[in-house]
Amino acid sequence: MISIQNVHKSFGDLEVLKGVSLDVNDGEVVSIIGGSGSGKSTLLYCINAIENIQKGKIIVDGVDVHSKETNKDKLRQKLGMVFQQWNSFPHMTVLENAALAPRIVKKMSKEEAIEIAKKELVHVGLGDKFDVYPTKMSGGQQQRLAIARALAMKPDCMLFDEVTSALDPELVGEVLDTLRLLADEGMTMICVTHEMGFARDVSDRVAYFHEGVIAEIGEAKQVIIDPQNPLTQKFLSKVR
Amino acid sequence: MNSLFTPLSWSDTGFILIGVMNTVTISIVAIVLGTLLGLAVGFLRAESSKVVNVLLGSVLDILRSVPLIIQLILFSTFVGAMGYPLDPFVAGSIILSLYTMAFMSEVFRSGFESVHQSMRTSARSLGMSYWQTIFYIRLPIGLRAVFPSWLGVALSVIKDSALVSVIGYMELLRTSDQLISRTQQPLMILIGVGIFYFIISYPLSSYGRYVERKMAI
Ligand SMILES: Nc1ncnc2c1ncn2[C@@H]1O[C@H](COP(=O)(O)OP(=O)(O)OP(=O)(O)O)[C@@H](O)[C@H]1O
Ligand SMILES: [Mg+2]
């Protein structure tokens, strides 16, 4: 369970998050939509302690993310994150990519790490790519590798930041299918996305971000199909 | 009449080989030390603040822009005048290593910087610590990226090592110089020495091409 409580975040003089509150329950899928620069990515970075915050609190499974006592590396093991850029490790095979963190972060034996890595690679449909170097694969395959790499750490929750935005249109589907699969399996997910169809069909709730605040949040179909806030209406009419 | 000059003979082989060995030795010392120091300094430059960078950068600029031959003479004269005359090999190794370090540090700095912030963030998001990200991600990726430049610096060190002769180190060029004044056969000897430099450098450059091919994934 992730609890975001009145979070404020600034870069210098620029306040990017202006009091964001959001609770995500276990097994829930929440999509975040909104215009460019509204602070969507920044919120995910704050949840993962990649960025600090100025005010408020973020609690992940009872752990205060930004408290000085919190071990950030340990916290990040619970939170898988996938970015717009897949950032495969180019000097390792697909299997080594997925086995690295379990081995060096969780200190698993090599065999154990490889077993988990293989399982997650099969999970995302890369069962035939173990010994391939990622640079030889398509963006969609590399993005699925990034998902498997994160899943191999057995996170409680996954954060996705526009994971299909950098993909060629014909490759978007395979990655969305993988996300859908995870959602069906009950993974807790926060997805920043520009795919309104995905947000509507896969998520439980959708939050619309506008200039650093959640301008509207509600049941997914309601927000996408029948938005109440004029700002959300305007945004959705533009992206359609 | 011809007693003043004696022609090149087989008995000179040992003398030449000592020159070859000395060139190889000081080159290896400078490449190894220059690489290790360059790695540390390059890392420091990639990671530290602007102030530290400007300070470090100006020292490196001096090392890179003052001709090696002048650095060698100044250094050995200076330590001699201070009352600590150094063996030419030691003095030459120190200066040649520092000179190499100045170039290597730039090579490694660009290697570290070639791994983008978003790649580092991805690694950190998997729970890797700062140092794990360095050792498992930035170092291996960065080193691959700059290997050709590293090789270029290493090869030029072998050639630059000839300059250590000015402070009296008996490396290949100085050996040949002495043979030339004795035999008065400069053309033949210089061609021979050129071939020796090639023979010394060739394994390194062909090994380098082999490594590059292996790494091209
Ligand atoms: N590291 C940073 N330093 C300074 N400003 C930043 C930094 N990261 C983000 N910003 C600024 O914060 C604001 C919000 O950025 P953010 O990336 O969270 O937006 P976003 O909603 O994810 O947009 P997009 O849809 O374009 O990804 C932007 O104005 C951006 O320029
Ligand atoms: Mg963003």
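Given the residues B:117, B:132, which is the only one that is within 30 Å of residue A:158 (Cβ to Cβ) and surrounded by fewer than 16 Cβ atoms within 10 Å (Cβ to Cβ)? Quick ask: steps written out before the conclusion?
Working: B:132 fails: surrounded by fewer than 16 Cβ atoms within 10 Å (Cβ to Cβ).
After applying the criteria, what remains is B:117.
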Checking residue A:53 against (1) within 14 Å of ligand 1 (Cβ to nearest atom); (2) open to solvent by less than 40 Å² (accessible area, probe 1.4 Å); (3) touching a Lys or Arg at 6+ places or on another chain (Cβ under 9 Å); (4) within 12 Å of chain B (Cβ to nearest Cβ), the condition it does not meet: (4)
Within the stretch B:181-217, take every residue that is within 14 Å of another protein chain (Cβ to nearest Cβ) and not in a helix (DSSP H, G or I) and give me the one that is farthest from the chain's Cα centre (by Cα). B:217
Just the residues that are more than 14 Å from chain B (Cβ to nearest Cβ) and crowded, with 21+ Cβ neighbours inside 10 Å, please, taken from the stretch A:56-67. A:58
When you scan the stretch A:112-125, do you find a residue that is in contact (Cβ under 8 Å) with a residue 40 or more places away in the chain, within 8 Å of chain B (Cβ to nearest Cβ), of a type outside the set (Lys, Arg) and surrounded by fewer than 19 Cβ atoms within 10 Å (Cβ to Cβ), even just one? no
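Could you list, in sequence order, the residues of the stretch A:153-170 that are more than 16 Å from ligand 1 (Cβ to nearest atom) and buried (at least 18 other Cβ atoms within 10 Å of the Cβ)? Before you say what the answer is, go through the steps one by one.
If we filter the stretch A:153-170 for residues that are more than 16 Å from ligand 1 (Cβ to nearest atom), which is where we start, we get A:153-158, A:168-170.
Residues satisfying the conditions are A:153, A:155, A:157, A:158.
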Give the residues of the stretch A:129-144 that are touching a helix residue (DSSP H, G or I) at 6+ places or on another chain (Cβ under 6 Å) and of a type in the set (A, V, I, L, M, F, W, C), sorted by residue number. A:130, A:132
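Would you pick out the residues in the stretch A:1-49 that are charged (D, E, K, R), open to solvent by 60 Å² or more (accessible area, probe 1.4 Å), within 23 Å of residue A:227 (Cβ to Cβ) and out of contact with any Ser or Thr (no Cβ under 6 Å at 6 or more places or on another chain)? Explain how you work it out, then say what you get.
Of the residues in the stretch A:1-49, the ones charged (D, E, K, R) are A:9, A:13, A:15, A:18, A:23, A:26, A:28, A:40.
Then keep just the ones that are open to solvent by 60 Å² or more (accessible area, probe 1.4 Å); that gives A:13, A:15, A:18, A:23, A:26.
Next, from what is left, pick out any that are within 23 Å of residue A:227 (Cβ to Cβ): A:18, A:23.
Within the stretch A:1-49, A:18 is the sole residue that qualifies.
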In the stretch B:38-149, which helices (runs of 4 or more DSSP H) lie fully inside it and hold 3 or more residues that are in contact (Cβ under 8 Å) with a residue 12 or more places away in the chain and more than 14 Å from every other protein chain (Cβ to nearest Cβ)? B:50-65, B:68-81, B:88-113
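With the structure loaded, tell me whether residue A:148 is touching a His at 6+ places or on another chain (Cβ under 7 Å), open to solvent by less than 10 Å² (accessible area, probe 1.4 Å) and under 22 Å from residue A:105 (Cβ atoms) or whether it fails that test.
Numbers: touching a His at 6+ places or on another chain (Cβ under 7 Å): yes; open to solvent by less than 10 Å² (accessible area, probe 1.4 Å): yes; under 22 Å from residue A:105 (Cβ atoms): yes.
So residue A:148 passes the test.
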What number of residues within the stretch A:72-104 are surrounded by fewer than 24 Cβ atoms within 10 Å (Cβ to Cβ), under 19 Å from residue A:127 (Cβ atoms) and β-branched (Val, Ile, Thr)? 1
Given the options B:72, B:39, B:55, B:86, name the one that is of a type outside the set (Lys, Arg) and modelled with pLDDT of 95 or more. B:39
Are there any pairs, at least 6 apart or on different chains, whose C-beta atoms fall under 8 Å, with the first in the stretch A:40-64 and under 16 Å from residue A:11 (Cβ atoms) and touching a residue at least 40 places away in the same chain (Cβ under 8 Å) and the second among the hydroxyl-bearing types (Ser, Thr, Tyr) and within 14 Å of ligand 2 (Cβ to nearest atom), and if so, which? A:51/A:42; A:51/A:45
Checking residue A:40 against (1) basic (Lys, Arg); (2) more than 29 Å from residue A:148 (Cβ to Cβ); (3) modelled with pLDDT of 95 or more, only one condition comes out false. Which one? (2)
Subset of the stretch A:68-88 (residues that are closer than 23 Å to residue A:145 by Cβ, basic (Lys, Arg) and at the interface with chain B (Cβ under 8 Å from one of its Cβ atoms)): A:76
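Right, residue A:58: within 16 Å of ligand 1 (Cβ to nearest atom) and on the phi < 0 side of the Ramachandran plot or not?
Numbers: within 16 Å of ligand 1 (Cβ to nearest atom): yes; on the phi < 0 side of the Ramachandran plot: yes.
Yes, satisfied.
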Can you work out which of the residues in the stretch A:33-50 that are near ligand 1 (Cβ under 9 Å from one of its atoms) and under 17 Å from residue A:2 (Cβ atoms) is farthest from the chain's Cα centre (by Cα)? A:39
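The values are calculated or read from the model by the stated rules, or taken from the named source; none is laboratory data. Values in this document were obtained by computation on a predicted structure and should not be read as measured data. Glycine gets a Cβ as well: all are built from the backbone with ideal geometry, and neighbour counts include every protein chain shown. Each accessible area value is taken on the protein alone, full model and side chains, heavy atoms only, with ligands, DNA and RNA left out. Shrake-Rupley method; radii C 1.70, N 1.55, O 1.52, S 1.80 Å.
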